[in-house]
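Chemist: Have a look at the structure that comes next, please.
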Amino acid sequence: MPLKAVCVLNGEVKGTIFFEQSGTSVAVTGAIEGLRPGKHGLHIHEFGDFSRGCLSTGPHYNPDGNDHGAPEDENRHVGDLGNIVAYSGGLAKVQLADTKITLVGERSIIGRTLSVTEFEDDLGRGGHDYSKTTGNSGNRIACAIIGVAREEYFAERLHLTTDQ
């Protein structure tokens, strides 16, 4: 039986992101609205601590101590999910699969935070001082804690990612 999680972004930038694990792969799907058109970094952070807003969520989740990288890189932060693209109306659809994140065990992302950044993630290749730590992708403009999904609500996710 696949494992399921969800996070709900609220504020000027809002949306719902679903996580579904089957075997070693986690499907990440959803939609985010209220974004500036263009690319935005998508990351998982170490903590689910909102005591100081998005800033208290800590660095990208990186239990292996790797440099920042692209989703397809073998050596990268576990929390490096690459970029999403917002089109002219500010809507970004999210549809990716990742084998570094998991919803089970010591390295589970449940209870950690998903964030969206203001700029494109350079995937560790930009040559900037922040390229190897954050992808030089700017401030976190939205974040939400990843939680266990309720089965009957998870089944309703299709309309959230296909409407519009």
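Coordinate-derived values only; no laboratory data. Not measured: the values here are computed from a predicted model. Reconstructed Cβ throughout: ideal geometry from the backbone, glycine too, with neighbour counts over all protein chains shown.
Chemist: Tell me, what are the semi-axes, in whole angstrom and largest first, of the equivalent ellipsoid of the chain as set by the roots of 5 times the Cα gyration tensor eigenvalues? Let's see the in-between values first.
Modeler: Details: eigenvalues 96, 74, 43 Å².
Those come to 22, 19, 15 Å.
Chemist: Now, a different point. Which order results if 141, 44 are arranged by neighbouring Cβ count within 10 Å, fewest first? List each step's numbers first, then the result.
Modeler: Working: 141 21, 44 25.
Least to most surrounded, the residues fall as 141, 44.
Chemist: Summing -39500 (n - 2.57) over the DSSP H runs of n ≥ 4 in the chain and dividing by its residue number, what mean residue ellipticity at 222 nm do you reach, to the nearest 500 deg cm²/dmol?
Modeler: On the way: 2 runs with 10 residues, N = 164.
Using -39500 (n - 2.57) per qualifying helix, the result is -1000 deg cm²/dmol.
Chemist: Got a sec to turn the phi values of region 60-76 into Karplus ³J(HN,Hα) couplings, 6.51 cos²θ - 1.76 cosθ + 1.60 with θ = phi - 60°, whole Hz, x for Gly and Pro?
Modeler: These are the phi-based 3J(HN,Hα) values: 4, 5, 8, x, 9, x, 7, 6, 4, x, 8, x, 7, 6, 5, 9, 7 Hz.
Chemist: Among the lysines, which have Cα under 27 Å from the Cα of residue 14 when same-chain residues fewer than 8 positions away are ignored?
Modeler: 4, 39, 93, 100
Chemist: Hey, another quick one. Tell me, what is the FRET efficiency for residue 148 and residue 118 to the nearest 0.05, using R0 = 25 angstrom and their Cβ-Cβ distance as r? Provide the component values of the computation, followed by the final result.
Modeler: Working: r = 29 Å, r/R0 = 1.16.
Calculated value: 0.30.
Chemist: Convex hull over the Cα atoms of region 1-45, averaged projected area in nm²?
Modeler: Values: hull surface 15.3 nm².
Taking a quarter of the hull surface, the average projection is 3.8 nm².
Chemist: Fewest Cβ neighbours within 10 Å first, please rank 49, 122, 64 accordingly.
Modeler: Working: 49 16, 122 21, 64 11.
With the fewest neighbours first, 49, 122, 64 line up as 64, 49, 122.
Chemist: Separate question: Could you list 108, 22, 131 in order of exposure, starting from the residue whose Cβ has the fewest other Cβ atoms within 10 Å?
Modeler: 22, 108, 131
Chemist: Then there is this: Residue 33 to residue 85: extension gain in nm, 0.36 nm per residue of separation minus the Cα-Cα distance?
Modeler: That pair, residue 33 and residue 85, stretches by 17.6 nm at full extension.
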